[in-house]
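The next block holds one structure in the form of C-alpha cells; read it before the comments.
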Amino acid sequence: MKAAEFRYERPESLAEALALLEDTDLDATPLAGGQSLVPMMNFRLAMPGMLVDLSELDDLKGISEDGGGVRIGAMTRYVDLAGSDLIARRAPLIAMALPYIAHAAIRNRGTIGGSVALADPAAEMPALLLALDATITVQSSAGSKTHGAADFFLGMYETALEDGELVTAITIPAPAPHRRFAFYELARRHGDYAMAGVAVSATGAVGAGCTDFRVAYFSVADRPVRATAAEAALDGKAPMDGAEAAVAALGEIPFAGDLNAGIATKLHLSGVVLKRALERL
Amino acid sequence: MTGPLTIFDRPNSHIGKSVPRPDANRLLQGRGKFVDDIQLPRMLHAAFVRSPVAHGRIENMDVSQARAFPGVMAVYTGADLVAHVEPYVGVLDHLAGLRSPPQMPMAVDVVRWTGEPLVMVVATSRAIAEDAAALIEVEIDELPPVTDMERALDVDAPVIHEQYGSNLAWERTVEAGDPDAAFARADVTVVERQFRFGRHTGVTLESRAAVVEYDPSENMLTFWYSGQAPHMMQFILAKHLGLPEENVRVVSQDVGGSFGIKIHTYGDEIATAAAARILGRPVKFVADRLESFLTDIHARDHVVDGRIAVTADGKIAALAFEDITGIGPYSMYPRTSAIEANQVLNLTGAAYTLENYRARARVVFQNKNLMSQYRAVGHPIAMVVADGLLEDAAHEIGMDVVEIRRRNLIRDDAYPSTTATGLKLDDLSHHKTLDRLVAVMDYDARRAEHAHLRDAGIYRGIGLVSMVEITNPSPMFYGIGGAPIASQDGTTIRLEAGGAIHVSSSVTEQGQGTNTILAQIAAGVFGVAMDRVKVTTGDTRSTPYGGGTWASRGAGIGGEATLQAAFALKQQVLVVAATILQSSPDGLDIVDGQIVDIGSDGGGGGGGKSASVRMSLSDLARTVYYRGNELPSDLTPELIATRHYRVTDVPFVFTNAAMAAEVEVDPDTGFVKILNFWAVEDCGRVINPDLVDGQIRGGVVQGIGGAFYEECLYSEDGQLENATMADYLVPMAFEMPDIIVEHVETPTRTSVLGAKGAGEAGTGGSPAALMNAVNDALRPLGASIHQMPMTPERILKALGTV
C-alpha cells in the first residue's frame, strides 16, 4: 500500500511546530523517528492530513544534567541514548534495556519522545519511565506542563496528551544512594515486542533489605502497569526473599492477552520475569 | 548410459567446486532487475479491493465514485471480467475424485475468503488507485464461514460449494500388507499420537508482482513475472485470456525468492493481464505485504492421527494414520491443492522397511486463503509423523533412537527398492548418512552430557530424522494428469564469435544460484573459463521449452540438459576444428577456450600445461561466422546445440538425509533455544558445495520457521490476525543455530551428471528433528508436544504450567 496524501511541514522552531500542530482539521501529526507512524501510514491505518517533521528542532534533542538527574529531549534517538555516558551513570535502567528495544536500524531512527507519545503497551520505554519515576514535559502554544509517568499513560495508545500538545522532554530524577535497577523481558525473537517484561528499581545495599520498590510491567496489559501489591510484598526484604510473595501478588494486574500469550500465560510469565529481574537486582 | 565419463575429472571442470556466483556483484550493487524495477511508457498501476469477510454474498458494489476519481482509468468488478477471462479449475486427472469449482480472478457473486479480490482499480499511480479503491462501497450479506477444517465435514457444517453437498475436496486411502493384524499382534508396542501442523506461508523478499503489456497491433501480450514456471504461465495466460499461445511472452528476470509461492495462478495477476489487454496500456501490480499474507498460497494445515506398532527388538510392525488438511475454498490452479496430502500418503515412513501401512487423507474446503505447494510439499508432515512416532516408540521400548533407525532403515545395498505405496527408490544412503551424522555430532558424548546437565536442572534434548526428498520429478508428477507443466527441460548453448558461450535454459533462477550451476556445467563440459559463459533463463521467447525450477529439479534436470548440450556442442565444434586443422575430432579437445591436441600433454585427456594449442575458439568461430569462404563447401558448421532431458522409468529421483537437532528447553518460560543443527545429506553429485550448503541451510531455517515461529492465525470468523511482518514471525538470524552440513554423494544413475535435488531437504527434514529434540528435552518433565509451531505458550500448556 501507499500512504494517503498528506501535507508535509518541517518547521525550524518549536513555536512554528506548535502552531502547525494546532491544525486539528488536518489532524496535524508530529513525525519523530517514524518507526511506528510511517508503517501505519503505509498501511493506511494512520492517515494524517499533515505531518509535522520535528527533525530540525535541535532544542528537542540531547541529554543533559538536570539537578542530579537527567533531562532527555524528546527527539533524542535511541542510538544516542545508548552512546550516552550520562544515561549509563544516571539512568542505568535505560542503558540495560536499550539492547532489547527493537533492532539497531530502528534504534538509529526511533526517538524516546516518539515512543512515549505513541504509548504502545508492549514498548519498553513507558514502563522504564514508570520504574524511574520520570516526568514528561509537554508543550503547546499555550505553554508547557509536566506529567508524572503514572498519570501520562492512560491506555492502549492513549496518553494525557491533548490536541496541539507535543512531548518535548523526559526528566529522570537523580537516583537515590544505593538505588538499584534490573530489567528482564521474554521476546520470541530478539528485538520483538516482549511476551512479558518488567523493569524494577529499589533502594538498598547489596545483600540487605530494599525499600521503595518500583515494579513496572510492559506488554502484559493495555498500558504499562506498576505491580503495587508485589512492591508491597517486596518492601523491606532482600529482593529474592520477597520474590515468591511478590509473584503471588501479581493477580492485581489487569492482564490482557495477545496473539502470543493468553492471560494465563501473561500471568505466569510475569512471575518468571519478575523473579529473573529480582535475581539481577 | 551414454556420454563422456571423464567430465568430472577434467582439469578445467568446475563441477564440484564452490565457484562464486557471477551474479553476486550485480545483485549486491542493487543492479538486480525485479518486476517492480520495470517502468514502461504509459504504464498504469492496479490496486484491489478485497473481501473483508470470509464468506458472503455480494449484494452491491458502488464503484461510481472510484470511476470518477481523477487519475483513474478503469474500474473492473469480477462480473466485468467474465467476458474476458475463461474460468479455471484446479483439478488434475491423476488425482481421481478431486473436485473444485471454476474460479474467476475476482469474486463474481460470492466471496469465499478474506482477501479474495473483489474490484480492481487501474490508475496512473498506485497511490491514486488506492485512494479510489477506498471510495468503493461493498455490501456483502455474510454467510456462515467454515474455518475449522476438523468441523468442515460435520453434517451441520455450512457447505461452501452447494453442488458438492459437502466440503470434501478429495480423499485417498492407501494400504499395504495387513496393518490391522500387525497392530493386533501380542508382541508389539503401539504408540498413538495426534500431530497438528499450523498454516504458514513462504514469505518472499520480493512479493508477487506482474507488469503486463499488450500490443493490439500484433495481438501480443508480454507478462513480466516474478515466478518459477514461465512456460506454464504462457499456457495459462493464453488459454484463459483467449490468445494464441505463441502470442504470449512470459519473462522472469531476477526473482527475489519463491519457495513454491510463485508457481500458481493468482486472480490479481490474471486480472492485471486482462486489464492490460482491455486498456491497451501496460499495467503493473505489485502485491504489498498485507496482500501477500492474505493471498500468497498458504501451506501445511494438517491434523494427523497416527499410530505405530513396534516389536520388542525395535522393528516397525505397522504404521497407520489419518490426515485431514484444509485447503481454502478452491483447489489451486493448475497444480491443485491435493498434492501435499498425496505426498504425505506417499512419503510417510518411506525411509524405512515398511510392510504394513495404511493411510487416509481427506482434503477439505474452508473459508481461508488457498493452500497449495510450498517448499518441501508434504515432507515435513510425513517426516514428523513417521520419525515422531518412531522416536516415541523407541522410548516406550527403551531403545536408543539411532539404534531403532538402524534396525528399520532400508539397507544401502538393497536398492532398487520400493516404498509401501509402490514408489521406486534407488541410490539412497540412509545408513551411511546416519553413521556420518552420529560421528559428526558426537552423539554419544552429547547424550552423556545431557544426562549430566539434567541433574543440574538443564533440559537439553536431541532429535533425529531420517528422511527422503522427492526431486527431479518425471512426467508422472503433473503432465500425466493433464497439467501444462513440463517435466522435461532444455538447454541451448551457442558459441559466440568471441569464443565465449551463451547458455539459454528453460529452468529458472529465483535466487538459489541456478544460473551459476548451469554456467559451471557448461563451462566445464565444453571447455571454457567461467567468465566466458553468459546465461539466459526465464524468457519464453528465447529459451527452450521446459518446466522451470520447482520440486528441486533445476540442477538435476536443467543441469543434465546443459551437460548434454555442452557435450553436443563440443563434438560439433571439434568436427569443424578437425576440418580446419586437418586433424580428427577424436584427436582434439577444448581446454580453456583453446582447441588442443589430445595427448599433447602426455597425459591423455588433454588440458595439461604443455598441451599444444592448435587454435582458439574465437578463431574458429570467426572463421565460421565471418569467413565461411575458407571452409569446404560440404561442411555445414553448427555452433549451437540444444538438448532436452527428462527423467524416465521412475516418477521421482529420491534423495535422502539424516539430520539432528540439539535444543535446550526452558521449562519456566516454554522458550526453546536451538543449540545445534546437523544435516548429512545425499543429493548425489554436488555441483557447487557453497550453493548446495546454502540450500540446505536456508531450508533448515525455513523448517525452523515452521517448527517454532510461523503460523497464519485465523479467527473463528476467518480473519487473518497476524498479516504483518511484526506479527507473523519469520525465523531471523539472532535465533538461528550453527547449521553444520555434510554430504554423502551417491550419484543418481538416471543421468550422466548424477545430480539429485537439494532445495527442499532442509525444510522437509528439520521440523521432525526439532520436534523430537524438544520432546527429548521435555520427557524427564513428563511432557510432550506434537503441535507446530511449538510456541512458548504451547510448551507451557504441554507442561501443565498454564
*Hey, any hits in region B:311-332 for a residue that's in a helix (DSSP H, G or I) and open to solvent by 10 Å² or more (accessible area, probe 1.4 Å)?*
no
*Would you point out the residue of region B:751-787, among those that are in contact (Cβ under 8 Å) with a residue 40 or more places away in the chain and closer than 12 Å to residue B:672 by Cβ, that is farthest from the other protein chains (Cβ to nearest Cβ)?*
B:776
*Pick out the one residue from B:176, B:133, B:152 that is under 27 Å from residue B:121 (Cβ atoms) and either modelled with pLDDT under 95 or in contact with a strand residue (DSSP E or B) (Cβ under 9 Å, 6 or more places away or on another chain) (or both).*
B:133
*Does region B:659-672 contain at least one residue that is open to solvent by less than 20 Å² (accessible area, probe 1.4 Å), in the same structural domain as residue B:442 (by TED's automatic domain parsing) and touching a His at 6+ places or on another chain (Cβ under 8 Å)?*
no
*Filter region A:1-17 down to residues that are assigned to a loop (DSSP other than H, G, I, E, B) and away from chain B (no Cβ under 14 Å) and give me whichever is surrounded by the most Cβ atoms within 10 Å (Cβ to Cβ).*
A:11
*State which residue pairs qualify: first residue in the same structural domain as residue A:204 (by TED's automatic domain parsing) and among the charged types (D, E, K, R) and inside region A:263-281, second residue part of a helix (DSSP H, G or I) and open to solvent by less than 10 Å² (accessible area, probe 1.4 Å) in any location, beta carbons under 6 Å apart, and separation of 6 or more residues or different chains.*
A:275/A:243
*asked:* Can you tell me which of (1) of a type outside the set (S, T, N, Q); (2) more than 14 Å from every other protein chain (Cβ to nearest Cβ); (3) closer than 30 Å to residue A:193 by Cβ; (4) open to solvent by less than 40 Å² (accessible area, probe 1.4 Å) is the one residue B:704 doesn't meet?
replied: (2)
*Of all residues in region A:157-196, count the ones that are away from chain B (no Cβ under 14 Å), of a type in the set (D, E, K, R) and assigned to a loop (DSSP other than H, G, I, E, B).*
3
_Could you list, ordered by first residue, the pairs with Cβ atoms under 6 Å in which the first is in region B:251-267 and of a type in the set (A, V, I, L, M) and the second is not in a loop (DSSP other than H, G, I, E, B), at least 6 apart or interchain?_
B:251/B:224; B:251/B:539
*Do you know which residues across region B:386-409 are open to solvent by 10 Å² or more (accessible area, probe 1.4 Å) and among the aliphatic types (A, V, I, L, M)?*
B:397, B:399
*Would a scan of region B:697-709 turn up a residue that is part of a loop (DSSP other than H, G, I, E, B) and at pLDDT 95 or above?*
no
_Candidate set: region A:256-281, residues that are of a type in the set (Lys, Arg) and open to solvent by 60 Å² or more (accessible area, probe 1.4 Å); chosen: the one farthest from the other protein chains (Cβ to nearest Cβ)_ = A:280
*asked:* Condition (residue is touching a helix residue (DSSP H, G or I) at 6+ places or on another chain (Cβ under 8 Å) and of a type in the set (Asp, Glu)) applied to region A:188-196: is it met by at least one residue?
replied: no
*Working carefully through the options B:721, B:742, B:710, find the one that is within 27 Å of residue B:427 (Cα to Cα), touching a Phe, Trp or Tyr at 6+ places or on another chain (Cβ under 9 Å) and charged (D, E, K, R).*
B:742
*Collect the residues in region B:136-149 that are in contact with a strand residue (DSSP E or B) (Cβ under 6 Å, 6 or more places away or on another chain) and either buried (at least 22 other Cβ atoms within 10 Å of the Cβ) or at pLDDT below 95 (or both), keeping them in residue-number order.*
B:149
*Matching residues, region B:678-697, being touching a Lys or Arg at 6+ places or on another chain (Cβ under 9 Å) and closer than 12 Å to residue B:738 by Cα*: B:679
*Among the candidates B:157, B:127, single out the residue that is within 14 Å of another protein chain (Cβ to nearest Cβ) and outside any strand (DSSP E or B).*
B:127
*How about region B:225-269: which of its residues are closer than 23 Å to residue B:201 by Cβ and open to solvent by 30 Å² or more (accessible area, probe 1.4 Å)?*
B:259
*Is it true that some residue in region B:679-691 is within 14 Å of another protein chain (Cβ to nearest Cβ) and open to solvent by less than 20 Å² (accessible area, probe 1.4 Å)?*
no
*Look through A:82, A:127, A:119 and report the one residue that is within 16 Å of the chain's Cα centre (by Cα), farther than 27 Å from residue A:9 by Cβ and surrounded by 18 or more Cβ atoms within 10 Å (Cβ to Cβ).*
A:127
_Please pick out the residue among A:154, A:234, A:161, A:132 that is outside the structural domain of residue A:32 (by TED's automatic domain parsing), touching a Pro at 6+ places or on another chain (Cβ under 8 Å) and touching a residue at least 24 places away in the same chain (Cβ under 8 Å)._
A:132
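So that you can scan it fast, the table gives a plain yes or no per residue for (1) in contact with a Cys (Cβ under 6 Å, 6 or more places away or on another chain); (2) among the hydrophobic types (A, V, I, L, M, F, W, C); (3) modelled with pLDDT under 95; (4) surrounded by 16 or more Cβ atoms within 10 Å (Cβ to Cβ):
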position: B:57; (1), (2), (3), (4): no, no, no, no
position: B:64; (1), (2), (3), (4): no, no, no, no
position: B:69; (1), (2), (3), (4): no, yes, no, yes
position: B:77; (1), (2), (3), (4): no, no, no, yes
position: B:105; (1), (2), (3), (4): no, no, no, yes
position: B:109; (1), (2), (3), (4): no, no, no, no
position: B:114; (1), (2), (3), (4): no, no, no, yes
position: B:118; (1), (2), (3), (4): no, yes, no, yes
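The values are calculated or read from the model by the stated rules, or taken from the named source; none is laboratory data. Note that this is a predicted model, so its numbers are computed, not measured. Quick reminder, even Gly has a Cβ in these numbers, built from the backbone with ideal geometry, and neighbours come from all protein chains shown. The accessibility values were calculated without ligands, DNA or RNA, using every heavy atom of the protein model including side chains. Shrake-Rupley method; radii C 1.70, N 1.55, O 1.52, S 1.80 Å.
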